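As C-alpha cells, the structure follows; a few thoughts come after it.
The values are calculated or read from the model by the stated rules, or taken from the named source; none is laboratory data. Since the structure is predicted, the reported quantities are computational estimates derived from the model, not experimental observations. All Cβ positions, glycine included, derive from the backbone under ideal geometry; neighbour counts span all protein chains shown. Ligands, DNA and RNA are stripped out before the accessible areas are found, and what is left, the full protein with its side chains, is counted by its heavy atoms. Shrake-Rupley method; radii C 1.70, N 1.55, O 1.52, S 1.80 Å.
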Amino acid sequence: VQLQACGGGLVQAGGSLRLSCAASVSTFSSYVMAWFRQAPGKEREFVAAISWSGGSTYYADSVKGRFTISRDNAKNTVYLQMNSLKPEDTAIYYCAADYFTRVLGTKGVDYDYWGQGTLVTVSS
C-alpha cells in the first residue's frame, strides 16, 4: 500500500486548506484512514480518523469543529478539510491506513501504512 499526501502549503491564520491522500490499493474501502501531524520539536499526534464507509469519524479535541475528515472510496482518496487555521496547526501532516479494523485508532502504532507527509505552515 502506498499513500501519497498533498495539498499542504502556506496560509494565514484564519484561512483554509484541504489535504488529500491517495492510496494505491484495490481494497481502499477496507481501510480505516487517519491523519496525524508532527510539529517541529514535538511528537507526532493524532488529528482525525474515518471508518471504512465514512459513516464514523473521530477528532482530536484540538481540531474538533475546525477540521473535517472525509473519504471517496471510488477515488481511493481521503481528505482533511482544515478551516480556521491557527499558527499552532503548523506541522507536517501524514495520512495513515489500518487494514480491516473497526477501531478508529488514535495512536501511531494502530496504523500499518503511512504517507510521506505534506507541510502545512500557518502564519500569524
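Looking only at residues that are among the aliphatic types (A, V, I, L, M), open to solvent by less than 50 Å² (accessible area, probe 1.4 Å) and out of contact with any Phe, Trp or Tyr (no Cβ under 6 Å at 6 or more places or on another chain) in the stretch 82-105, which one is nearest to G15 (Cα to Cα)?
Among them, the one singled out is L85.
So, in the stretch 1-27, of the ones that are out of contact with any strand residue (DSSP E or B) (no Cβ under 7 Å at 6 or more places or on another chain) and at pLDDT 95 or above, which residue ends up most open to solvent (accessible area, probe 1.4 Å)?
Among those residues, the one meeting the criterion is G14.
Can you find a residue that is under 17 Å from G7 (Cβ atoms) and either of a type in the set (D, E, K, R) or open to solvent by 60 Å² or more (accessible area, probe 1.4 Å) (or both) anywhere in the stretch 43-60?
No, the conditions are met nowhere in the stretch 43-60.
I'd like to know if the stretch 97-109 contains one or more residues that are among the charged types (D, E, K, R), farther than 21 Å from V1 by Cβ and out of contact with any Leu (no Cβ under 9 Å at 6 or more places or on another chain).
no
Condition first: among the aromatic types (F, W, Y) and open to solvent by 20 Å² or more (accessible area, probe 1.4 Å). Now tell me which residues in the stretch 106-123 satisfy that.
Within the stretch 106-123, Y113, W114 meet the criteria.
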